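Trainee: One structure is given below, represented as structure tokens, and several questions about it will come after.
The values are calculated or read from the model by the stated rules, or taken from the named source; none is laboratory data. Keep in mind it's a predicted model, so treat the numbers as computed, not measured. Positions of Cβ are backbone-derived with ideal geometry, glycine not excepted, and every protein chain shown enters the neighbour counts. For the accessible areas, the whole protein counts, side chains as well, though only heavy atoms, and no ligand, DNA or RNA atoms are used. Shrake-Rupley method; radii C 1.70, N 1.55, O 1.52, S 1.80 Å.
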Amino acid sequence: ASVRSQHFIVSAPTPEYARQVCEAAEQFRRDLAIEWLGQELPPWQDICPIQVQVGPHLGAGGATTFTFINNQPRDWHMEIQGSADRILDSVLPHEITHTVFATHFGRPLPRWADEGASTSVEHISERTKQDQLLIQFLTTNRGIAFNNMFAMKEYPPDILPLYSQGYSLARYLIGQGGRRKFVDYVYDGM
């Protein structure tokens, strides 16, 4: 079943859940832009299709792709999966944060900043998992040296430490001055 709104077209197993995800996506697009940027985003030129796989035993995760054309993200595509709750309180806001940043910055962000900040809007249960994984990675030599992580423009072969370490750094920086100051910091660094 598919449901369409101003910025999204959601395909999900049931019309009710597609509608719920579509409404949540629009709300997150608005609310997260205000949180991170202090204002709503302008309308996109393209609709962002969202493919949803929902099931109680699916791990929470997603991927959002797009292409920058003249500093504007175009050709959106988002795939999300997980339990009904985790999709709405973790995966969808995480992926929508990527779209907010892509629209605002008009170019790719450092991987640690994009994933770390996006993880910071997830449910506490998902953020706690990242905290636990961080300790595991740093105590088993899977950690990424800070100077290497800070400069990464592409995903490393072992991607999970990037998420945990990026989240840890983003959480620290957000704690120093809030989300808008974090965005300014990343902008200055780019």
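Trainee: Pop a pseudo-label 7 angstrom from the Cα along the beta-carbon direction at both Asp46 and Ser11 and give the gap in nm to one decimal.
Mentor: Each label point lies 7 Å from its Cα, and together they span 1.6 nm.
Trainee: Still on this model: Tell me the mean residue ellipticity at 222 nm calculated for the chain from its helices only (DSSP H runs of n ≥ 4, each -39500 (n - 2.57), averaged over every residue, nearest 500).
Mentor: On the way: 7 runs with 97 residues, N = 190.
Value at 222 nm, helices only, nearest 500: -16500 deg cm²/dmol.
Trainee: Still on this structure, I have one more. Zone of Glu26 (label point 7 Å along Cα→Cβ, backbone N under 19 Å): which residues in segment 36-58?
Mentor: 40-52
Trainee: Using a probe radius of 1.4 Å on heavy atoms only, what accessible surface per residue do you get for the chain? Whole Å² is fine.
Mentor: The answer is 51 Å² per residue.
Trainee: Over the alpha-carbon set of segment 35-190, divide Rg by the Kirkwood Rh and report the Rg/Rh ratio to two decimals.
Mentor: My calculation puts Rg/Rh at 0.95.
Trainee: Using 0.36 nm per residue of separation minus the Cα-Cα distance, give me the extension gain between Tyr187 and Phe68 in nm, one decimal. Could you put the intermediate results ahead of the total?
Mentor: Numbers: separation 119, 0.36 × 119 = 42.84 nm, distance 1.70 nm.
Extra length from Tyr187 to Phe68 when fully extended: 41.1 nm.
Trainee: In addition: Work out Dmax and Rg for segment 81-137 from the C-alpha atoms and quote the Rg first, both in angstrom.
Mentor: Cα-based Rg and Dmax for segment 81-137 come out at 12.2, 35 Å.
Trainee: Quick one: pull the percent of accessible area on the chain belonging to carbon and sulfur, 1.4 Å probe, ligands and nucleic acids left out. Show your work: numbers first, answer last.
Mentor: Values: 4920 of 9740 Å².
With neighbouring chains kept in place, the figure for the chain is 51 percent.
Trainee: Would you please name the GluC sites (Glu not before Pro) within segment 1-40 that are DSSP coil residues with at most 13 other C-beta atoms within 10 Å of their C-beta?
Mentor: Numbers: sites: Glu16, Glu23, Glu26, Glu35, Glu40; in loops: Glu40.
When the GluC sites (Glu not before Pro) of segment 1-40 are filtered for loop state and at most 13 Cβ neighbours within 10 Å, Glu40 remain.
Trainee: Could you tell me which GluC sites (Glu not before Pro) in segment 103-171 are loop residues by DSSP with no more than 13 other beta carbons within 10 angstrom of their beta carbon?
Mentor: Working: sites: Glu115, Glu122, Glu126, Glu154; in loops: Glu122, Glu154.
Sparse-neighbourhood loop GluC sites (Glu not before Pro): Glu154.
Trainee: How large is the Rg to Rh ratio of segment 112-159 when both quantities use alpha carbon positions and Rh follows Kirkwood? Could you put the intermediate results ahead of the total?
Mentor: Numbers: Rg = 11.4 Å, Rh = 11.8 Å.
That ratio equals 0.97.
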